Amino acid sequence: MKVMRLLSSLKHDESERGIFHLGRALVKNEHTSIIISSADEDNELVRRLKRDGNHYHQLHMNKKSWLALLQVVPLRRLIEKYDPDIIHVHSRTPAWILHLALRRARVKRRPKLVSTMYGFYPINKYSQALLDVDTIITVSDSVTDYLKSGLRREELDPRVIKRIYRGVDIRRYPYRHNPSVYWLRHTFAEYPELENKKWLVFPTIIGNEYGQEWLIDILGNLEADFPNIHVIIMDEDYRPSDVAHEDFRQRSNTLGLGDRITYVGSKRNDMREWLSAANIVMALANQPESIGINALQAIHLGTPVIGWDQAAFSEILRPLYPQGLVKKYNANALCKAVRNQLESVTRPEMTNKFTMREMINETLAVYKNLHELALAEEKSVADALAVRRHKKIFGVTDQHNTSKTSINKQTVNKVRLLKDKPKATYSNKDIENTDDA
């Protein structure tokens with residue numbers, strides 16, 4: 001089986017898409033894995049893909065870029081070269097390029113198409129290319145419900161929409177992982193204000209949709225009882241021309257909370273250490289979250305997570321850590337949940353749900369089912385052609401045999417008539433007339 005996957009870019013959020021794990025699983029099972037993205041050939045992530053046995057090609061299919069249309073012909077050539085059985089698109093721009101490339105592609109059999117919806121994309125013309133496929137993979141039940149209601153196609157066959165949760169690599173995020181002494185010393189040297197504090201980690205950047213304003217409510221209501229709580233935000237301490245960032249900084253400084261907040265930057269490769277060292281990880285997105293990967297990683301590390309009872313956070317926390325769920329957008333309930341956790345620590349239990357292995361197996365099952373369906377369709381077409389050819393050949397013979405049989409029947413009838421005809425008889429009068437002559 002040949003599987004081609006199209007991505008706009010290769011980023012460090014590969015944990016959400018399982019790019020490397022899925023490619024490795026395909027190669028391990030003796031399938032062919034082809035990955036097409038805009039990353040340079042000398043990129044570290046690309047070298048990692050090649051080491052795992054993937055075939056990599058660079059095509060610039062950047063999101064919402066008209067220049068991506070220049071890649072239609074190169075993509076068509078790659079499709080004709082590899083003749084893939086499955087093509088999996090991970091974003092909307094590559095999906096459009098794919099549909100245009102397939103129009104004139106000369107392949108033995110049209111590949112089966114798979115797309116993944118990673119969020120609550122607007123159901124419009126731009127998203128249509130992701131929907132015109134054989135199977136749509138959604139990353140949570142909330143995305144599935146959103147998709148069905150948006151399309152008004154609740155009658156879709158369950159095989160068309162398949163929910164596959166994003167998974168965590170439990171080898172990289174083992175339960176009760178502890179940061180190294182070296183990392184802690186380095187962190188305290190860089191951020192001395194963090195030592196001997198209770199860490200509330202906000203594992204995302206600041207933005208209108210991420211809910212950083214709720215941190216002010218927590219600090220303002222709990223600082224008297226818990227003077228050692230400290231908020232850590234995974235964002236830069238200053239971003240010019242960012243209204244949400246500037247508003248948050250001004251509000252926190254005006255209320256005298258600025259010294260209780262530390263910004264450690266967004267471009268870090270030690271997220272695991274921050275999540276495992278945290279006392280609580282906050283999941284406070286104002287808009288419904290489709291994946292919640294940071295909360296999921298924290299749960300697997302054994303770190304308590306407190307978040308709104310909505311969308312992906314509900315689907316993750318309800319089976320794994322229900323005490324972390326808070327009635328959405330309720331400041332009193334949020335502060336109460338944080339207080340309870342700080343007073344009596346209760347950690348999530350070890351779980352085998354929402355794992356990378358589970359995600360990979362379910363994705364491979366989608367590929368396998370589509371491949372078997374394609375083979376069955378091909379066999380059905382071949383059988384139909386064989387039957388048609390059989391009828392065409394043997395239909396003439398049957399017609400010839402029918403006419404020949406008809407002729408034979410006519411001959412037999414004539415013979416029967418001759419046999420049944422009465423013999424000539426002569427009367428005495430006829431004999432007498434003969435003698436007179």
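The values are calculated or read from the model by the stated rules, or taken from the named source; none is laboratory data. Being a predicted model, the structure only gives us computed values, none of them experimental. Every residue, glycine as well, gets a Cβ built from its backbone with ideal geometry; the counts of neighbours run over all protein chains shown. Please note that ligands, DNA and RNA were not included when accessible areas were found on the heavy atoms of the full protein model with its side chains. Shrake-Rupley method; radii C 1.70, N 1.55, O 1.52, S 1.80 Å.
Can you tell me how many residues within region 36-67 are touching a strand residue (DSSP E or B) at 6+ places or on another chain (Cβ under 7 Å), buried (at least 16 other Cβ atoms within 10 Å of the Cβ) and part of a helix (DSSP H, G or I)?
2
Going through region 109-127 one residue at a time, which ones are within 16 Å of the chain's Cα centre (by Cα), under 22 Å from E289 (Cα atoms) and not hydroxyl-bearing (S, T, Y)?
Across region 109-127, the qualifying residues are M117, G119, F120.
Just the residues that are among the polar types (S, T, N, Q) and surrounded by fewer than 21 Cβ atoms within 10 Å (Cβ to Cβ), please, taken from region 277-297.
N279, N286, Q287
May I ask you to list the residues in region 369-382 that are within 17 Å of R163 (Cβ to Cβ) and surrounded by 18 or more Cβ atoms within 10 Å (Cβ to Cβ)?
Scanning region 369-382 gives a single hit, L370.
Please give the helices (runs of 4 or more DSSP H) falling wholly within region 118-224 in which 1 or more residues are in contact (Cβ under 8 Å) with a residue 40 or more places away in the chain, closer than 29 Å to A333 by Cα and open to solvent by less than 60 Å² (accessible area, probe 1.4 Å).
141-151, 213-222
Please work out if L26 is within 20 Å of V107 (Cβ to Cβ), assigned to a helix (DSSP H, G or I) and in contact with a strand residue (DSSP E or B) (Cβ under 7 Å, 6 or more places away or on another chain).
yes
Filter region 225-265 for residues that are open to solvent by less than 30 Å² (accessible area, probe 1.4 Å) and of a type in the set (D, E) and give the result.
Residue satisfying the conditions is D235 alone.
Do any residues in region 17-36 that are more than 18 Å from P94 (Cβ to Cβ) and of a type in the set (S, T, Y) have Cβ atoms under 7 Å from those of residues that are open to solvent by less than 20 Å² (accessible area, probe 1.4 Å) and part of a loop (DSSP other than H, G, I, E, B), where the two are at least six apart or on different chains, and which pairs are they?
Matching pairs, first to second residue: none at all.
Of all residues in region 330-350, how many are among the aliphatic types (A, V, I, L, M), open to solvent by 40 Å² or more (accessible area, probe 1.4 Å) and under 14 Å from L200 (Cβ atoms)?
1
Okay, residues lined up against (1) surrounded by 10 or more Cβ atoms within 10 Å (Cβ to Cβ); (2) modelled with pLDDT of 85 or more; (3) on the phi > 0 side of the Ramachandran plot:
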site: N352; (1), (2), (3): no, yes, no
site: Y367; (1), (2), (3): yes, yes, no
site: Q399; (1), (2), (3): yes, no, no
site: L417; (1), (2), (3): no, no, no
site: D420; (1), (2), (3): no, no, no
site: A424; (1), (2), (3): no, no, no
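Tell me whether region 315-329 contains one or more residues that are β-branched (V, I, T), open to solvent by 40 Å² or more (accessible area, probe 1.4 Å) and more than 16 Å from G211 (Cα to Cα).
no
Report every pair of residues separated by at least 6 positions or lying on different chains whose Cβ atoms are under 6 Å apart, first residue within region 40-59 and aromatic (F, W, Y), second open to solvent by less than 40 Å² (accessible area, probe 1.4 Å).
Going by the 6 Å Cβ cut-off, the qualifying pairs are Y56/I35; Y56/V46; Y56/L49.
Taking the condition in contact with a Leu (Cβ under 6 Å, 6 or more places away or on another chain) and open to solvent by 20 Å² or more (accessible area, probe 1.4 Å), does R268 pass?
In short, no.
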